[in-house]
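To start, the structure itself, in structure tokens.
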Amino acid sequence: MRIPAPWRIGSNTDWQSIVIDQAQPDWPAFFAEQVIAPLWTRGYRGFFLDTLDSYHLVKNADVAAQQAGLVAVIRLMRTRFPGIRLIMNRGFELLPALRGEVFAVAAESLYRGWDAKKKRYVEVSQADRDWLLGQLVAARDQYGATVLAIDYVAPTDRALARATARRILSHGIVPYVTDAALETTGVGLIEVLPRKVMFLYNARESARINASNAHRFAEMPVNHLGYVAEYVDVNGRLPEVVSAGDYAGVVAWFDGYVAPDRTGALSNWLAARIADGTRVAVFGSFGFQPAGSFVRAAGLDDAAPPKGALKVVSADALIGYESPALPERRGVEPIRVSAPGARTLLRLSDANGTHYDAAALTGWGGYALNPFVVRVLPGEDEQSRWIIEPFAFIREALALPALPVADTTTATGRRMFFAHIDGDGFPSRAEMPGRRLAAEVLLDDGL
């Protein structure tokens, strides 16, 4: 698709695009056939018409001719594609000529916006808000269009997104509040609850995800609570943001410390998640020795390594789920919680009376550290038992709301019955009248 050179009358540097001369007689048909028709064939029925005011970027543009050209484009689309739904981004000046022909009119930044130059989220000034609100109300009341306001809030600040959506809705305007890059699920008339949990694991501990302790132990409780695990290897690039609209939180499971070249990145990443309000549940190890700026960010204190025998000072009801917490000095992380409101789940003390908190719920989530998470029983079959109750711990650490939980036995949530048939008893007689072989009973009466 090549746009004729005479139709190119300027450029839009913000979008790194060209400005089209809407007054060209052949432009409406070109746009309908070259742009819309292929998408229509693929099943698209709704289209968002953005930057309708780009002609203002062209010096000495014939405004009336450009607006008439835009009206011609929209009318041809409605004729050529019956049932098409069009949402205009602003374009208020076109509405008198398009009464009843546009499904909706949208505008950005009624209450909250994005300053592209300073790269930050901002509150819209009262003057700008009043002008835009007047335009949206007129579009709705005078021209019969559904009106939408698209506002921008940091993806981690779900509370502000909800509050902004409520303010927009109070004017009878459909809200949608998302991040500036439109990369996360926003808040609209309804809020889609996140059903994913980001799982951090160390591929250097387990090359296969399904052999990692994160998968073997933590994923089932998360699935049971209604969430899907999405794995991220800590040795790769960690996401800059964990969107509160897409993820219910983070579960990190490390059996020991990560490689020295990843310690700083992991420590800083976890501290950043704590700072931006992302809920985090840590199992096994933080992946590094908590110290310095991290313990301050996490509301922890580091302590001297334990001396002599350890004893359990206190254990919450979440401790001792399938196996008791036996005081072991091996691998105990010398930390304790210091933040107000934190709830110690397992507190130990050494021969000097120094306290250590091996598990706790905190304002940012919680942690349960080795060797007080899972106990591997002696024997060849490597049976394991939970020391901490994982369902309640994960629910409380990630502050998960009560919600309807789909059956997680399949990806689609459809129920399936699984039965394991063991052949050891096939040659034995069934313990029922007739003395038939067990295999016969299974075949004739069961299958």
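Values as computed for the structure displayed
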{"item": "Hey, Ala342 of a type outside the set (Val, Ile, Thr), out of contact with any helix residue (DSSP H, G or I) (no Cβ under 7 Å at 6 or more places or on another chain) and surrounded by 16 or more Cβ atoms within 10 Å (Cβ to Cβ) or not", "result": "yes"}
{"item": "Residue list for segment 1-26, restricted to those being loosely packed, with under 11 Cβ neighbours inside 10 Å and either in contact with a strand residue (DSSP E or B) (Cβ under 6 Å, 6 or more places away or on another chain) or in a helix (DSSP H, G or I) (or both)", "result": "Ala5, Pro6"}
{"item": "Check on Tyr227, at pLDDT below 95 and either hydroxyl-bearing (Ser, Thr, Tyr) or not assigned by TED's automatic domain parsing to the domain that holds Gly363 (or both)", "result": "yes"}
{"item": "Residue identified as surrounded by 14 or more Cβ atoms within 10 Å (Cβ to Cβ), out of contact with any Asp or Glu (no Cβ under 8 Å at 6 or more places or on another chain) and more than 19 Å from Pro28 (Cβ to Cβ) among Ala97, Ala127, Ala107", "result": "Ala107"}
{"item": "All positions within segment 124-154 that are of a type in the set (Asp, Glu) and under 24 Å from the mean Cα position of the chain (by Cα)", "result": "Asp151"}
{"item": "Qualifying residues in segment 317-341 (those that are of a type in the set (Lys, Arg) and out of contact with any strand residue (DSSP E or B) (no Cβ under 7 Å at 6 or more places or on another chain)) - the one modelled with the highest pLDDT", "result": "Arg330"}
{"item": "Condition met for Gly113 (in contact with a strand residue (DSSP E or B) (Cβ under 8 Å, 6 or more places away or on another chain) and either free of Cβ contacts under 8 Å to residues at least 40 places away in the same chain or in a loop (DSSP other than H, G, I, E, B) (or both))", "result": "yes"}
{"item": "Test: Ser314 is hydroxyl-bearing (Ser, Thr, Tyr), modelled with pLDDT of 90 or more and in a loop (DSSP other than H, G, I, E, B)", "result": "no"}
{"item": "Qualifying residues in segment 404-447 (those that are aromatic (Phe, Trp, Tyr) and closer than 30 Å to Tyr227 by Cβ) - the one modelled with the lowest pLDDT", "result": "Phe417"}
{"item": "Flag for Ala127 being free of Cβ contacts under 8 Å to residues at least 24 places away in the same chain, closer than 30 Å to Asp233 by Cα and among the small types (Gly, Ala, Ser)", "result": "no"}
{"item": "Count - residues of segment 250-302 that are among the charged types (D, E, K, R) and in a loop (DSSP other than H, G, I, E, B)", "result": "2"}
{"item": "Close pairs from segment 10-37: first assigned by TED's automatic domain parsing to the domain that holds Asp53, partner modelled with pLDDT under 95 and aromatic (Phe, Trp, Tyr), Cβ under 6 Å, at least 6 apart", "result": "Ile20/Trp7; Asp21/Trp7; Gln24/Trp7"}
{"item": "Selection within segment 140-195 - assigned to a helix (DSSP H, G or I), among the small types (Gly, Ala, Ser) and modelled with pLDDT under 95", "result": "Ala159"}
{"item": "Some residue of segment 51-72 being surrounded by fewer than 17 Cβ atoms within 10 Å (Cβ to Cβ), within 29 Å of Asp151 (Cβ to Cβ) and of a type in the set (Lys, Arg)", "result": "no"}
{"item": "Check on Ile319, in the same structural domain as Ile388 (by TED's automatic domain parsing), more than 16 Å from Leu300 (Cα to Cα) and β-branched (Val, Ile, Thr)", "result": "yes"}
{"item": "Number of the condition not met by Arg78 [criteria: (1) loosely packed, with under 12 Cβ neighbours inside 10 Å; (2) farther than 26 Å from Ala180 by Cα; (3) of a type outside the set (A, V, I, L, M, F, W, C)]", "result": "(1)"}
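The values are calculated or read from the model by the stated rules, or taken from the named source; none is laboratory data. Keep in mind it's a predicted model, so treat the numbers as computed, not measured. With ideal geometry, Cβ positions are generated from the backbone for all residues, glycine too; neighbour counts draw on all protein chains shown.
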